[in-house]
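So the structure is just underneath, and the comments pick up after that.
The values are calculated or read from the model by the stated rules, or taken from the named source; none is laboratory data. In this text the structure is predicted, and so the values were computed from the model without any measurement. Here the Cβ positions follow ideal geometry from the backbone for every residue, glycine too, while neighbour counts run over all protein chains shown.
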Amino acid sequence: MENINPYEILGVSSDSNKRDIVVAYRKKCLKYHPDKAPGKREEFDKIQLAYLVLSDERKRERYDKTGVVSVKEVENDENFDWREYFQTQFKEVTKDMIVEDKKQYQNSEEELDDIRDEIIDVKGNVEKLFERIPHLEFSKEEEERVYGIIEKLIEKGELNDEDIPQFFKYTSERKQRVKKMERKALREKKAADKYIKDEGCDSFEELARKISENRNRQNSTMQAIMDKYSGEKVAKGKVTKRKK
């Protein structure tokens, strides 16, 4: 049986409050939504399952005690439809919402706070920073923008050598590191382009439309996810009460 740790999936600690969980969930959704990240549907589904557990006090308490993500706690709720839940969450984040959120987020105080917090958490590892900040996709321009933000935080005394030891090594090797990240970004783009081609689409926009059209045919999503991550069998559609 494969089990998931909802705290690790959302990137929060076990003592995180509801607001922290909601913020982390939102960021993960924006990063892994299939309309933005083709091929990441499984990761997106894990995020939904993690949020389902941590956003409900009873389910969270059960997980904290057992360390297991289980569907037993909802078996007595005959109105809970797993398939509908996952489909609803899938639809909640649209492409337009992603674009609009990016406009509002980048160069905002929220992004600045996130960059400061995350660069400390990764000990100054700029490559890892690009994997953690919402909407931050590598390019020379974005690297320069983020590098400038970190430099200003250092100048203001908000970051120091002890906070971000790896950043100063990055600075001395910056030219080579940027080239390395460029090669990685190119590989990822080629992989994404191949995925689009394999799906029979000409662009991300067409792929997004195709994903949308296929949503109604994804009725096995709940069954597959719950079988894989809970080790228990759940009937398609609604989870009903067992007869004694």
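Looking across the stretch 25-72, the residues that are hydroxyl-bearing (Ser, Thr, Tyr) and either modelled with pLDDT under 80 or in contact with a strand residue (DSSP E or B) (Cβ under 8 Å, 6 or more places away or on another chain) (or both) come down to 32, 70. Tell me yes or no: at least one residue of the stretch 124-135 is modelled with pLDDT of 85 or more, over 20 Å from the mean Cα position of the chain (by Cα) and over 24 Å from residue 42 (Cβ atoms). The answer is yes, given that some residue of the stretch 124-135 is modelled with pLDDT of 85 or more, over 20 Å from the mean Cα position of the chain (by Cα) and over 24 Å from residue 42 (Cβ atoms). Looking across the stretch 157-191, the residues that are free of Cβ contacts under 8 Å to residues at least 40 places away in the same chain and either surrounded by 15 or more Cβ atoms within 10 Å (Cβ to Cβ) or among the polar types (S, T, N, Q) (or both) come down to 160, 171, 172, 176, 178. Cβ-Cβ distances below 6 Å connect the following pairs, each with a first residue in the stretch 93-104 that is among the basic types (Lys, Arg), a second residue that is assigned to a helix (DSSP H, G or I) and modelled with pLDDT under 80, and a separation of six or more residues or different chains: 95/208.
Contact map, the stretch 128-150: residues that are on the phi > 0 side of the Ramachandran plot paired with residues that are surrounded by 13 or more Cβ atoms within 10 Å (Cβ to Cβ), Cβ distance under 9 Å, separation 6+ or inter-chain. Pairs shown: 135/30; 135/31; 135/98; 135/101; 135/102; 135/105; 135/106; 135/111.
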